[in-house]
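One structure is given below, encoded as structure tokens.
Any read-out appearing in this document is the output of simple, stated calculations on the displayed coordinates, not a laboratory observation. Values in this document were obtained by computation on a predicted structure and should not be read as measured data.
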Amino acid sequence: MNGIILIDKPQNFTSFDVVAVARRKFGTKKVGHGGTLDPMATGVLPVFVGCATKAVDLLPDSGKSYRAGFRLGLTSDTLDIWGELSEEKPVDIGKEALEAVLERFCGEIEQTPPMYSALKVGGKKLCDLARQGIEVERKARKITISRLDLLSFDGKNGVIEVDCSTGTYIRTLVDDIGKALGTGAVMTSLCRTRACGFSISECVSIEELRERPLDELKLLSVESVFRDYPVTTLDEVQTRMYLNGVRLDADRLAEKPPVDELLRVYGNGEFLGIAKVNGERELVSVKRFINE
């Protein structure tokens, strides 16, 4: 079987735990996932099966969405409720004041990755260093928060919804909001509601993955990941040449694609793979997804 299945990852499961369940279910080692989720997080985890695993390192940066709970008046070493917590402080923040601070975090901002993350510095994961009590300097990175809505707030606990660029740490966002308020804040829950262009409404649970018969599990085609890419269509001769690794004259293609833009390639009525046009106006295969 080849394709993509969308899993609503449960809490206290690693992304690799989900992959292990999928490997047993589909009877293959060729299973991967897109976009790691922390064990305490839930939500959209695209799982790639069979030849679809070749798409994992080509996933488009389509942004992600999250729903996160938070609590004001606390801080922790992990920036969330599961770390070593500080003594709780009294909080006197109204909803309007909170929303005014949230507005300051919309748009392009700089964010410093947290120590408790899988990001590597000098070949070592930051989280491994943090567990040894070692803190290293991290460079701030530019991220984009395109939407930041306050869904609920009771004066201490609340829920935000975030649309953001890939590479955004929601724990850090919550911590930075707490610092801006002068109260401190920790993340209390996290659910990824959108990733790789897929939403949580399209996901199945880990129980459904385990228990449903194979013929009842819906596998999406690998091309659905690249649905926003422009299309180029090859004729029969061009298709045969493309599949044999021949570079094609881009100016002889029907769509005349631009240079250095990733394209979906079709031939003989089927999706062949991803390609782009180089500086010599040649169509070059980036990855083929036909069964070989």
3J(HN,Hα) from dihedral phi, the stretch 206-216, Karplus parametrisation 6.51/-1.76/1.60, rounded to Hz, x for glycine, proline
5, 5, 5, 4, 6, 9, 5, x, 4, 6, 9
Volume per residue that the Cα convex hull of the stretch 66-186 spans, once the total is divided by residue count, Å³
99 Å³
Spherically averaged projected area in nm², based on the convex hull that wraps the Cα atoms of the stretch 146-185:
2.9 nm²
If I take the Cα coordinates of the stretch 116-229 and project them onto the principal axes, what are the three extents in Å, biggest first?
52, 42, 34
Any idea what % of Cα-Cα pairs in the stretch 169-258 are farther than 23 Å?
60 percent
Which whole-number percent of Cα pairs in the stretch 1-60 have a distance greater than 20 Å?
19 percent
From the mean inverse distance of alpha carbon pairs (Kirkwood) and the Cα radius of gyration, derive Rg over Rh for the chain.
1.04
Cross-link reach from Lys25 to lysines, straight Cα distance under 22 Å and at least 8 residues apart if same chain, gives Lys9, Lys54, Lys218
Please report the projected area of the stretch 215-292's Cα convex hull averaged over all directions, in nm².
5.6 nm²
Lysine pairs in the stretch 66-186 with Cα atoms under 18 Å, if 8 or more residues apart or on separate chains
9
At 20 °C and 1.002 mPa s, what whole-number value in µm²/s does Stokes-Einstein give for the translational diffusion of the stretch 1-103, with Rh from the Kirkwood sum over Cα pairs?
130 µm²/s
Determine the calculated [θ] at 222 nm for the chain from helices alone, applying -39500 (n - 2.57) to every DSSP H run no shorter than 4 residues and normalising by the residue count; nearest 500 deg cm²/dmol.
-5000 deg cm²/dmol
Give me log10 I(q)/I(0) at q = 0.23, 0.25 Å⁻¹ for the stretch 78-121, Debye formula, one equal scatterer per alpha-carbon, no solvent.
-1.03, -1.02
